[in-house]
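Worksheet: the structure to be examined is printed underneath.
Just so you know, all these numbers are worked out from the coordinates, no wet-lab data involved. Because the structure is a prediction, the values reported are computed rather than measured. Heads up, the Cβs are rebuilt from the backbone with ideal geometry, glycines too, and the neighbour counts pull from every protein chain shown.
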């Protein structure tokens, strides 16, 4: 038996090798990467046969090896790393419209989503025109959805159809018709209906791909703010989705002669989801009184609701412990969401949570439950409160990172997407750059990047990461990260660009400011007045080398254009005395006196008052060039603003220049006017 198997295995290897060699000879350059992947998969198959041959008593050789249809694509994808010079993969369908700024990215994303919704609307409204299936293999989400019920008669099958179509109101109406007709509905179907009602809060789910119908009723409310997809829900939004007293779920539940565990579970979970916490515990008491056992999902919901029904920390924890004891008494095995719910509840138990967090994690491991990223996120949330001082707890993050380092995680809990944001926030608060690198390294393991969350969460993560880099790293390392992630992954905000300017100032690399200004314009932040003023202040503070000073002057004149015309022909920023003074100082340092003189005239145009220091600096440059007329005009400007420095400027001009009689008379008149005004 063993010898025949060995011979068959040898023939299989020879045959496979021959096929692989012929394939390589036909097209080496084109299919080299593909063949490597096939060879890897093939060798894994042979290795599995070898292990099976060695460790099994009975040998069963399969007729063929079946692997997923995406196996080769996944193997090819693993050989390619991210290209920092390329745009995000979501934007590669239309390279011409690839966004270069955060505002353009937002517009692009909204437009793309709007286009998808419009396409879905037409496909689902006119499905008979889109029956041809071109995709191989079949992709269900690309085919028209069945939006209209196919079964019209009043029957249980029609009710099941409406439940599967998630038509809450239609399903409830049909259930009522069945009850009125005396047609019995099975308990399983009724439980499915309860699940539907409790999940959507006794209302039909919102249809995202249906365009807004403008009619007489909506004419008057077009200007009211609408709830946008992707933003955080406000308290007013949550009040609309509250659990209603005696709603359809409670009414249908009351009609059941013998509700089972599923019935109670659906009702309790719906009550917890929509804020009826006390009522959920009352329903759980009814379940116990009817001598039924709850399921693990019911306990998960009750544990989530426990902090809401008690006020004191110890009372919250005692209630959670009682629920866990009842779970053990009913011989129900907890799952990951159970213990994650306990950790999440401990975040609201103050110092008590810190003493109970690690025992909960130990219990998870004792039950052979591997923690998810949400578990570690709750653990960090217990020990690191935002804005609270860290009292000897800085090692918790290090222990967590040692535990998760090098591991690839899959989504198991909705709170998994919060881990990276929380971890990098703690690194920023504790100024721990090494742990921040560990967090970012974990993000690149496997497909952990999928757990970074939506676009808003990604922006929060990278904003905190870049803030820490600007604060703790030297400018060369910072710019390396900057060029690697911007703008292929992240569009930095104006505040991050200000942090970058501070990093340039700290490392005395102000020569890079013109390059950063180009990035600021490309990222759409050239209209941020505070950012522009900070940039001008850095350029005007110290005199640099002549080459650098020339680049500063060009940068300052470019900034002047943004003040004059703004973005798309609109004036956005307004000149301040400080910004005008900084531009003039930069131009004077680069020997651009004529350009500086034009800027000086803007003080009067924009009703701004120049400082005495600026006028003295300007007069010094005029003295070096020997331009008498500009010196006299400078004194006239000072007198026009009634500056107390005017007599000193007059005295300097009289001493440092050879004046004509007319110029002397002008200065004398200005001196008399200044004396009279005093």
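Some values worked out for this structure:
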item: For segment 603-677 and segment 285-344, distance of Cα centres in Å; result: 82
item: Sorted by Cβ neighbour density within 10 Å, fewest at the top, the residues 587, 110; result: 110, 587
item: Radius, Kirkwood style, for segment 609-678 when every pair of distinct Cα atoms is counted (Å); result: 11.9
item: Cβ-derived FRET efficiency at R0 51 Å, residue 545 paired with residue 70, nearest 0.05; result: 0.35
item: Sorted by Cβ neighbour density within 10 Å, fewest at the top, the residues 200, 563; result: 200, 563
item: Fewest-first sequence of 470, 198 by Cβ atoms within 10 Å of each Cβ; result: 470, 198
item: Rounded, prolate or oblate (a/c below 1.5 giving rounded, otherwise prolate when a/b exceeds b/c) for segment 492-600 by Cα gyration tensor; result: oblate
item: Residue 333-residue 620 pseudo-label distance in nm [points 7 Å out on the Cα-to-Cβ vector]; result: 8.1
item: Segment 476-539 versus segment 440-464: alpha-carbon centroid distance in Å; result: 22
item: Full-stretch length increase - residue 136, residue 242 - with 0.36 nm per residue and alpha-carbon distance subtracted; result: 33.7 nm
item: Spacing of the two label points (7 Å from each Cα toward its C-beta) at residue 150 and residue 601, in nm; result: 7.9
item: Extension reserve of the residue 291-residue 629 stretch, reckoned as 0.36 nm per residue once the Cα distance is removed; result: 111.4 nm
item: For segment 264-344: rounded, prolate or oblate by the Cα gyration tensor [a/c cutoff 1.5]; result: rounded
item: Alpha carbon centroid spacing (whole Å) that separates segment 244-273 from segment 352-384; result: 32
item: Segment 138-181 pair-distance distribution - Cα-Cα, 5 Å bins, rounded %; result: 5, 23, 29, 18, 11, 8, 4, 2, 1
